[in-house]
1. Say whether the condition of being touching a Lys or Arg at 6+ places or on another chain (Cβ under 6 Å), in a strand (DSSP E or B) and either assigned by TED's automatic domain parsing to the domain that holds Tyr184 or closer than 20 Å to Pro245 by Cα (or both) is met by at least one residue in segment 308-330.
2. Determine the pairs where a residue that is of a type outside the set (A, V, I, L, M, F, W, C), located within segment 79-94, has a partner that is exposed (fewer than 13 other Cβ atoms within 10 Å of the Cβ) with Cβ atoms under 9 Å apart, the partner being 6 or more residues away or on another chain.
3. Quick one: in segment 317-360, which of the residues that are among the acidic types (Asp, Glu) and in contact with a strand residue (DSSP E or B) (Cβ under 9 Å, 6 or more places away or on another chain) is farthest from Asn218 (Cα to Cα)?
4. Collect the residues in segment 209-238 that are of a type outside the set (A, V, I, L, M), more than 22 Å from Leu123 (Cβ to Cβ) and at pLDDT below 95, keeping them in residue-number order.
5. Residues that are among the hydroxyl-bearing types (Ser, Thr, Tyr) and more than 29 Å from the chain's Cα centre (by Cα): does segment 55-76 have at least one?
6. Being of a type in the set (A, V, I, L, M, F, W, C) and at pLDDT 95 or above is the filter; apply it to segment 17-34 and report the residue that is surrounded by the fewest Cβ atoms within 10 Å (Cβ to Cβ).
7. Inspect all residues belonging to segment 375-387 and state whether any of them is surrounded by fewer than 19 Cβ atoms within 10 Å (Cβ to Cβ) and farther than 19 Å from Phe169 by Cα.
8. So is Ser246 hydroxyl-bearing (Ser, Thr, Tyr) and crowded, with 21+ Cβ neighbours inside 10 Å or not?
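The values are calculated or read from the model by the stated rules, or taken from the named source; none is laboratory data. Treat the numbers as computed from the prediction; the structure is a model and nothing was measured. Heads up, the Cβs are rebuilt from the backbone with ideal geometry, glycines too, and the neighbour counts pull from every protein chain shown.
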Amino acid sequence: MERKIKSSLINWKQNKNRKPLIIDGARQVGKTYIALSFGKEFYKNTVYFNFENSKELQKIFDKDLEPERIVKELSIFSGQSIFKNDTLIIFDEIQSCERALTSLKYFYENEPDYQIIAAGSLLGVALNREKYSFPVGKVDMMKMFPLDFEEFLWALNRKDLSESIRNHFKSDEMFSLHEIAIEYYKKYLVIGGMPRVILDFLETEDFNFVLASQKTINDSYIADMAKYASPMETIRILNAFNTIPSQLAKENKKFQYKLIKSGARAHEYEVPIEWLISSGIVNRCIKVNEGKLPLKAYCEPSSFKLYLGDSGLLCSKLEIPANLIINGNPKFNEFRGALTENYVCNALSSNNHSLYYLERNSNMEIDFIIQDKEGNIIPIEVKAGENVKANSLNSFIRLYDPLYSIRISSKNFGFENNIKSVPLYAVFCI
């Protein structure tokens, strides 16, 4: 599957001052696949090492962290020659070997011509760092996400449609293929952006296989909790993880600890929630109380919303039948807004926007608020259907006079009263 991160990898390879690269992201988003396919396309040979399933491999790093010795022993271990500049070395699941992670510092300082890509699912999680530290400043970092809607269209061989969507986003002209694009968007909500799940759909076109793949991924997340956290932390992480759907079902989606269990306190769940965020399983959207520059100065870190990192996994977790979303059902309308908001959150996160929402008083709540590269504050209102009445957005416009505002809904493209109408399928353009 074609991924947008490929262009960033090409830039990394061409950079004369490149450092060892770490690709971070949740499990099953395609980190290993993109590293291997990139190596196959751009290097004479690729040597792959997985630290999660080989204790012998980890022992290579026990003696010392001298790069030349390590490379010689890695070459013997793999049975392949390793050449500077011509070989891509892949360290997979590097979070399983703290010494290998630390060694990246010495490769950068002493042998920068060895080209290394390290991948890990839980690099942001607080592992045992008593003896060895993360090589801050000695590595390049890239964050990888599930496929966004545009990449989903590419996987379905509809790049022509994604290009048309981008063109209409720029021009704000009505899109004649609007209904077709909406149908693809509905499928994406159910399937999500996990490569394995999309592949199963492409091969079978059966949503039962989609559901089975999603359940496997959700189960792997739970297995990681047990593997990389203490028993008490695991229980709390799992409790916080399982409460996300009920948090999203509320009219006020601010995360409430009391929904985890009666009497739950913030200090008990700060670490578990950070675990979920750092692992890439969830995204956090923080409250700001003013729509002014810089947004970070007006945030309230203790007030936030949590969204599951993939809409398909959320549907699976909630056991939502595919036909309810694809064919529509009035009985589902109440939660459809939460699912739509979760989708928008992930799309904005994939485009590297810092995630904020605004709540100034009982009369003004903006679903998302972003700060663009020029420093403009842009409010974003999200609607699951065509009912686009938005008192909060109008109040924000009167108070802060933004350059323009965005309204996301199932309506077609348009621009009126300084509000840019963005169809649900075009959020990847923001």
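1. No, because not a single residue in segment 308-330 is touching a Lys or Arg at 6+ places or on another chain (Cβ under 6 Å), in a strand (DSSP E or B) and either assigned by TED's automatic domain parsing to the domain that holds Tyr184 or closer than 20 Å to Pro245 by Cα (or both).
2. Pairs found: Lys84/Asp113; Asn85/Asp113; Asp86/Lys44; Thr87/Lys44; Thr87/Ser81; Glu93/Asn53.
3. Per the stated criteria, the residue is Glu359.
4. Correct list: Pro231 only.
5. For segment 55-76, residues among the hydroxyl-bearing types (Ser, Thr, Tyr) and more than 29 Å from the chain's Cα centre (by Cα): present.
6. Leu21
7. Looking through segment 375-387, at least one residue is surrounded by fewer than 19 Cβ atoms within 10 Å (Cβ to Cβ) and farther than 19 Å from Phe169 by Cα.
8. no
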